[in-house]
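The values are calculated or read from the model by the stated rules, or taken from the named source; none is laboratory data. Remember, predicted model here, so these are calculated numbers, not experimental data. Don't worry about glycine lacking a Cβ; one is built from the backbone with ideal geometry, like all the others, and counts go over all protein chains shown. Please note that ligands, DNA and RNA were not included when accessible areas were found on the heavy atoms of the full protein model with its side chains. Shrake-Rupley method; radii C 1.70, N 1.55, O 1.52, S 1.80 Å.
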Amino acid sequence: MGGAVPFKAALTERLALIQPSREQVQRLLAEHPPHLTPGIRELVSRLQERNVQVFLISGGFRSIVEHVASKLNIPSTNVFANRLKFYFNGEYAGFDETQPTAESGGKGKVIKFLKEKFHFKKIIMVGDGATDMEACPPADAFIGFGGNVIRQQVKDNAEWYITDFIELLGALEE
């Protein structure tokens with residue numbers, strides 16, 4: 001997330017260490033469901049009311065990101081994230097390395113794909129990590145977010161940096 005190690009290498013190393021089974025992932029979601037950052041539900045709702053499509057582009061795992069998307073009424077077709085692979089017995093079998101989000105620069109590839117597919121005039125990327133920031137361009141703007149974790153590289157280099165989504169909501173109202 002800080003950008004010091006290529007993303008695919010870091011992901012491969014981390015997963016090789018923990019080798020999560022399908023059961024462990026399901027138990028994690030059941031026992032520790034992802035919590036929404038304050039203000040995100042309202043921000044996404046306001047954007048959707050204005051017919052703005054919202055996408056979740058993450059270097060995280062699709063099974064977890066889809067859970068968040070469902071809480072935000074974002075369709076699973078608007079989720080781009082890494083897919084874990086499991087053997088028939090549920091043991092870890094790796095991850096889908098063909099997903100663009102599995103590599104450095106992957107989020108930018110997704111944004112380029114979205115621009116081509118939907119002919120969007122403007123795409124704004126909001127994120128807290130180096131892989132989010134490097135997606136601009138092709139994103140037309142990047143908003144650094146420090147509400148969950150502050151990464152100095154993002155804080156120092158983002159043209160616009162916020163620490164809560166309420167601030168962004170306020171900007172929409174202006």
Unmet criterion (only one of (1) assigned to a loop (DSSP other than H, G, I, E, B); (2) on the phi < 0 side of the Ramachandran plot) for G90 = (2)
Residues satisfying the stated conditions in the range 86-104, i.e. small (G, A, S) and without any contact (Cβ under 8 Å) to a residue 40 or more places away in the chain = A93
query = Going by the conditions given, is F7 touching a Leu at 6+ places or on another chain (Cβ under 9 Å) and not acidic (D, E)?
reply = no
ask   = How many of the residues making up the range 19-41 are within 18 Å of the chain's Cα centre (by Cα) and open to solvent by 90 Å² or more (accessible area, probe 1.4 Å)?
value = 3
inquiry  = Let me spell it out: the conditions are (1) open to solvent by 50 Å² or more (accessible area, probe 1.4 Å); (2) in contact with a Phe, Trp or Tyr (Cβ under 9 Å, 6 or more places away or on another chain); (3) in contact (Cβ under 8 Å) with a residue 24 or more places away in the chain, and K107 meets all of them except one. Which number is the exception?
reply    = (1)
inquiry  = Only one of R62, R151, R83 is open to solvent by less than 40 Å² (accessible area, probe 1.4 Å) and touching a helix residue (DSSP H, G or I) at 6+ places or on another chain (Cβ under 9 Å). Can you tell me which?
reply    = R62
ask   = Out of all the residues in the range 2-18, is one or more under 13 Å from the mean Cα position of the chain (by Cα) and not acidic (D, E)?
value = no
